[in-house]
Each structure stands twice: as structure tokens, then as C-alpha cells.
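Shown next, in C-alpha cells, is the structure this report addresses.
The values are calculated or read from the model by the stated rules, or taken from the named source; none is laboratory data. Quantities reported herein were computed from a predicted structural model and do not represent experimental measurements. Here the Cβ is made from the backbone with ideal geometry for all residues, glycine too, and neighbour counts use every protein chain on show. Areas reflect the complete protein model, heavy atoms only, side chains present, ligands, DNA and RNA absent. Shrake-Rupley method; radii C 1.70, N 1.55, O 1.52, S 1.80 Å.
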Amino acid sequence: MTKMNKPEQYIVQLKFETARCSIRPFQEDDIDRFMAYRNDMDWMKYQDFKGLSTQAYREVLLCTGDIKKGVQLAVTDKQAKTLIGDLYLKQDNNVCWIGYTIAPGKARQGYMYEVVSALISHMAFQGIDEIKAGVASENIASISLLEKLGFTFAGTEGGEKIFTRVLVKP
């Protein structure tokens, strides 16, 4: 765990792995696959950060991210070494907001369950106390995933349902 000056502020490390996936910063060769699902407006109907140009995605994804402002991480298949989704993290002291997207061809195969499960453990180890996620009320698949992972509904904010999960330190 990397600690800043104030004890309540932590910086989450931005790489970890699961049995099938590697979660890491984006690389140039991820951009085309990212654009393929992020620019599919039917698939992305519940998501923001879509429909942009190659250059606009590069500027956001390939820069050195600041987790305090929010970062997108690549979710890759370890065996095929290809991008299958992405994970968004934004840290506010010892609380972290998350978002996630899976490519349509990898949906409903347990990848995001696996990734977010590992993320929960990773964040608890890193000193995060709580994880929050905002979800469109119509996004039943994402709501079901969060509930399966032990998140609870905390209210509505800005038109989204907010789910939280308090973490237990290892």
C-alpha cells in the first residue's frame, strides 16, 4: 500500500490479476478493440464515455492516469492477451467509485464477476474502506452483478442508482 501524508488518503495500485484476466493501464494496441465495443451504441446504452474518435480515446486512455480524477484500466484475457473490457476507478480518500464494461462477445461468462471480486479484495488490501458504483436503473444485469457481489442499494443520485460495499480489512 502506498500512503500519502495524511493517514486517511491512499493511492490504489493500478495493476492486478484474476484467474483469467489481467487488469492494467491501457496500451496502444488496446484502442481498436476498445473502440469496437465503446462505439457500439446499442451495447453501450447505459454507459458514458462512448462514441469518441480514436484520438480522443488515446488522449484519455494512454496518459498517466490520476486515480483521484478517475482512470480507465484495461481488462485483458490472460491467455489470448486481448482486451475484453475495461474498469473505471476514481478514488476519494478511502472510498473508490467503480464502473465496468465488458465486450459483447465476452458478456455473461463471469468475467466481470471475477474482476470485481478481485478488485474488492485488492482494494481492501490497499486500504480502501468502501466501494461505490452508480448504475442506470434499467441496467438490470449490472444491478444483479453488484448485488451478487454484496453491494447494497444506497439511494439515487443524479438519475443513477448508487450501490455501496463496505470493505473488511484483510
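A few points about this structure:
- Over the chain, dividing the summed -39,500 (n - 2.57) contributions of all DSSP H runs of at least 4 residues by the number of residues returns a 222 nm mean residue ellipticity of -7000 deg cm²/dmol.
- Oblate is the label for the range 52-109. Its Cα gyration tensor axes, ordered a ≥ b ≥ c, give a/c of at least 1.5 and b/c at or above a/b.
- Among beta bridges that DSSP assigns inside the range 21-166, antiparallel share in %, nearest 5: 90
- Proximity of backbone amide H atoms, modeled 1.01 Å from N, is registered between CYS96 and GLU130, ILE131, LYS132 at under 5 Å, excluding neighbours fewer than 5 places apart on the same chain.
- Rounded, prolate or oblate (a/c below 1.5 giving rounded, otherwise prolate when a/b exceeds b/c) for the range 110-170 by Cα gyration tensor: oblate
- Taking 12 Å as the cut-off, the amide N atoms of the range 82-107 that come nearer than this to a point 7 Å along the Cα-to-beta-carbon line of GLU130 belong to 92-97.
- Overall, the range 1-136 carries a charge dipole of about 120 debye about its Cα centre when +1 sits on the Cβ of Lys and Arg and -1 on the Cβ of Asp and Glu, all other atoms neutral.
- Using θ = phi - 60° and Karplus 6.51 cos²θ - 1.76 cosθ + 1.60, couplings along the range 23-30 (whole Hz; Gly, Pro as x): 10, 7, x, 5, 10, 3, 6, 8
- Sparsely packed loop sites in the range 90-158 (the trypsin sites (Lys or Arg not before Pro) outside DSSP H, G, I, E and B with at most 11 other Cβ atoms within 10 Å) comprise ARG108.
- Relative contact order computed over the chain (Cα-Cα under 8 Å; 6+ residues apart), in percent: 20
- Relative contact order of the range 15-67, taken over Cα pairs closer than 8 Å and 6 or more residues apart, is 32 percent.
- A Cα-only calculation for the range 52-148 places Rg and Dmax at 13.9, 37 Å.
- On the basis of the beta-carbon distance and an R0 of 25 Å, TRP97 and GLU28 show a calculated FRET efficiency of 0.40.
- Ordering MET41, GLY134, THR152 by the projection of their Cα atoms onto the charge dipole of the chain, which places +1 on the Cβ of Lys and Arg and -1 on the Cβ of Asp and Glu, puts THR152 at the extreme positive end.
- Solvent-accessible heavy-atom area per residue, rounded to whole Å², over the chain at 1.4 Å: 53
- Sequence of CYS63, CYS96 from largest to smallest accessible area, 1.4 Å probe: CYS63, CYS96
- By accessible area, using a 1.4 Å probe on protein heavy atoms only, the range 1-140 has 49% of its surface on carbon and sulfur.
- Of the DSSP H helices in the chain, those whose Cα atoms cover at least 15 Å axially and whose Kyte score averages -1.0 or more: 111-126
- Taking other residues whose beta carbon is less than 13 angstrom from the beta carbon of LYS148, and scoring Lys, Arg as +1 and Asp, Glu as -1, yields 0.
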